[in-house]
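The values are calculated or read from the model by the stated rules, or taken from the named source; none is laboratory data. Values in this document were obtained by computation on a predicted structure and should not be read as measured data. Positions of Cβ are backbone-derived with ideal geometry, glycine not excepted, and every protein chain shown enters the neighbour counts.
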Amino acid sequence: MKQIRKRLTYANVMSSIAVFLVIGGATAFAALGKNTVGSKQLKKNAVTTAKIKNNAVTTAKIKKGAVTGAKLNLATIGKVPSATSADSAGNANTVGGNSVVAINFTGDATTGPTQVLNLNGFTLTATCSAGEVLSVVANGPGGSRLESVSAEAAGGNENANQAYSENLGANPNVELLSTDDDQVVGNTQLYLGSGGRNVSITWQAESFGGIPSPHCAFTGYAIG
C-alpha cells in the first residue's frame, strides 16, 4: 500500500479520471447509434416550431385528412371554378359536350325580324307585327330535315300545328307557329345527317292582345 501511495500523484489521479471519462463517454455515445431515439425517448412538447427545419415537412408526411377547412387560410386560395359548369371543359354553356343555348325574345308591333338562335347552322328568326302576330321561322343548311310540333298550353287541339321540311336548305323560312293569340308550347328537331350535330329545341310562344307591351314572347332553349 505504501508503494501505491507513493505513486499516487496529482497528475496520475487526473490521468486516471480522464481515461475513465473517455471510456465511459465513448460507451455512452456508442449507445446513441442510428435509429436509437424513438418517440418514447422524446419529452412531451420537446419538438417546438423553432426546432423544425424550414420546408422539412412535406406533403407525404402529412396524415390523410389531417388538414381540415378550419386550418385553411381562405385568403390564399384562388378562385374556385364556377359550380354552374356542367362538364370538365368548364364551359357553363355545355352539357355532356352539347351546347345549350337559351332563347328569349320579347317584342311589340315595332319589333322587326330578330334572330333568336344560331346553332350548328340552324337559325330561328322571330318577328312581332301589327295585331300582336308572332312569327318564328326556321332556316338551316342544305340537306337538313326539320320536324316541329306545337299545341296550346291549355291542352286544346284546335290550334295544334306541325311543320316539316325534308330539305330545309332548299325550303327555307319554315314557319313554326300558326296564327294564335293563346300560349303555345312546342318542340322542334333538326337532323343534320351524317357527321352533323342534331339540334333539339323546346319552346313556348305567346301573343298578347289589348295589354301593354311586350305583345309577343318566344322563349326556350336549344341543345345541339
Scan region 204-220 and report the pairs whose first residue is closer than 14 Å to VAL133 by Cβ and part of a strand (DSSP E or B) and whose second residue is modelled with pLDDT of 75 or more and β-branched (Val, Ile, Thr), with Cβ atoms within less than 6 Å and a gap of 6+ or a chain change.
ALA205/VAL184; ALA217/THR106; PHE218/VAL136
Selection from region 170-190 of residues at pLDDT 85 or above and hydroxyl-bearing (Ser, Thr, Tyr) yields THR188
Is it the case that region 159-169 has a residue that's buried (at least 17 other Cβ atoms within 10 Å of the Cβ), over 19 Å from SER207 (Cα atoms) and either at pLDDT below 85 or within 35 Å of the chain's Cα centre (by Cα) (or both)?
no
Every residue in region 118-149 that is of a type in the set (Ser, Thr, Tyr) and within 19 Å of GLN189 (Cβ to Cβ), please.
THR123, THR125, SER144, SER148
Residue satisfying all of: in region 94-129; among the small types (Gly, Ala, Ser) and in contact (Cβ under 8 Å) with a residue 24 or more places away in the chain; nearest to GLY196 (Cα to Cα) among these
GLY121
Taking only region 192-203 into account, find how many residues are under 14 Å from ALA163 (Cβ atoms) and either at pLDDT below 90 or not in a strand (DSSP E or B) (or both).
0
Report yes if some residue within region 130-150 is under 30 Å from the mean Cα position of the chain (by Cα) and within 17 Å of LEU177 (Cα to Cα); otherwise report no.
no
Condition met for SER150 (surrounded by 13 or more Cβ atoms within 10 Å (Cβ to Cβ), under 21 Å from ASN198 (Cα atoms) and either polar (S, T, N, Q) or at pLDDT below 85 (or both))
yes
